[in-house]
Amino acid sequence: MKPRAPRRPPAFPAGAGTASAPGAAARPAAPLRPQRLLDSAARDAARLTAPTGLGLDSDAVRLRMVERLRLEGIACEPVFEVMAQVPRHLFVDTALAGQAYEDTSLPIGLGQTISKPSVVARMLELLFQGANARRQQHLGQVLEIGTGCGYQAALLARLGRRVVSVERLTGLFERAQSNLTAWRQDRVRLVHGDGMLGHPPLAPYDSIIAAAGGAEIPNAWLEQLAIGGRLVAPTQGSSVGQVLVVVDRHSDGWSRIHHESVHFVPLKSGVT
Ligand code: SAH
């Protein structure tokens, strides 16, 4: 007959959580501590940053967007500065806020879109090159055609002396009014009207920028552009479709340069 193997102590002795030598009496379990000591909890709380909703209002998200624009070849510090400040996600529907810092255009209602950040940055950069040419650190008196949700107007308000922004659709005009309440409204004059006519009462403009593209640049814009001023607008090129067009006004006329292809919503006449 084989001798019986000695009995081994159980791997996890019964005394909950306390290792006990075989045969030793089990010690009582340490009391549960569902709450932490007040002072250590307070210390940790002080180390944590305040909750920021979806995290989208953190500067870091916008700074990453700016870094991507820099890598894409945009090189205009004043534009980076304002794009790092203005919370794009507050200008789009809450459901789209998660995409607000991606380089994409987003619907803003009534069949319109907010332009993608890289295109906004590029157009502002082109406008700034005009301002540099007239040795100004800002865009001066600005006319924007196509307010949409008001995001670009909020950027322009920080880059120019004054911004006049025209929108033809009542729904978006009202939406921009409410979006812009917090954003230097005093520097932005929102106009519900047909931007193809410009806005003669406050002309001339040092900078004109359009967020909708037509077959041609309306004469009203050319006439309302100040001498030394610059206009940037998407316009139908000869064979390549819509392109960014830059027009500079000189004392003896206008010069015009075509840049890269773009795809903007159409410039329409009339007000609804
Ligand atoms: N810059 C805007 C982009 C808006 S999209 C933003 O940041 O959201 C272009 C806008 O141009 C649309 O709202 C459209 O209604 C408007 N638009 C088109 N034709 C216009 C016109 N003739 N006058 C004024 N706005 C016009």
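The values are calculated or read from the model by the stated rules, or taken from the named source; none is laboratory data. Please read all numbers here as calculations on a predicted model, not as lab measurements. As a convention, Cβ positions derive from the backbone with ideal geometry for all residues, glycine included, and neighbour counts pool all protein chains shown. Only protein heavy atoms, including side chains, enter the accessible area calculation; ligands, DNA and RNA are left aside. Shrake-Rupley method; radii C 1.70, N 1.55, O 1.52, S 1.80 Å.
If you filter the stretch 248-272 down to residues that are β-branched (V, I, T) and surrounded by fewer than 13 Cβ atoms within 10 Å (Cβ to Cβ), you find that the one that is nearest to L126 (Cα to Cα) is I257. Filtering the stretch 140-158 to residues that are open to solvent by 10 Å² or more (accessible area, probe 1.4 Å) and more than 8 Å from the ligand (Cβ to nearest atom) leaves Q141, R158.
For the stretch 165-211, a residue qualifies if it is of a type in the set (A, V, I, L, M, F, W, C), in contact (Cβ under 8 Å) with a residue 60 or more places away in the chain and open to solvent by 10 Å² or more (accessible area, probe 1.4 Å), and the qualifying residues are L169, W183, M196, L202, A203, A211. Every condition in (1) in contact (Cβ under 8 Å) with a residue 40 or more places away in the chain; (2) surrounded by 14 or more Cβ atoms within 10 Å (Cβ to Cβ) is met by P87 except one, and the failing one is (1).
Being within 12 Å of the ligand (Cβ to nearest atom) and either at pLDDT 95 or above or among the charged types (D, E, K, R) (or both) is the requirement here; does R168 meet it? When the stated conditions are applied, R168 passes them.
Take the conditions touching a residue at least 40 places away in the same chain (Cβ under 8 Å), within 13 Å of the ligand (Cβ to nearest atom), aliphatic (A, V, I, L, M) and surrounded by fewer than 18 Cβ atoms within 10 Å (Cβ to Cβ) and apply them to V232. Does it pass? No: the conditions fail for V232. Out of the residues in the stretch 235-247 that are away from the ligand (no atom under 16 Å from the Cβ) and surrounded by fewer than 20 Cβ atoms within 10 Å (Cβ to Cβ), which is nearest to V119 (Cα to Cα)? Among those that are away from the ligand (no atom under 16 Å from the Cβ) and surrounded by fewer than 20 Cβ atoms within 10 Å (Cβ to Cβ), it is V243.
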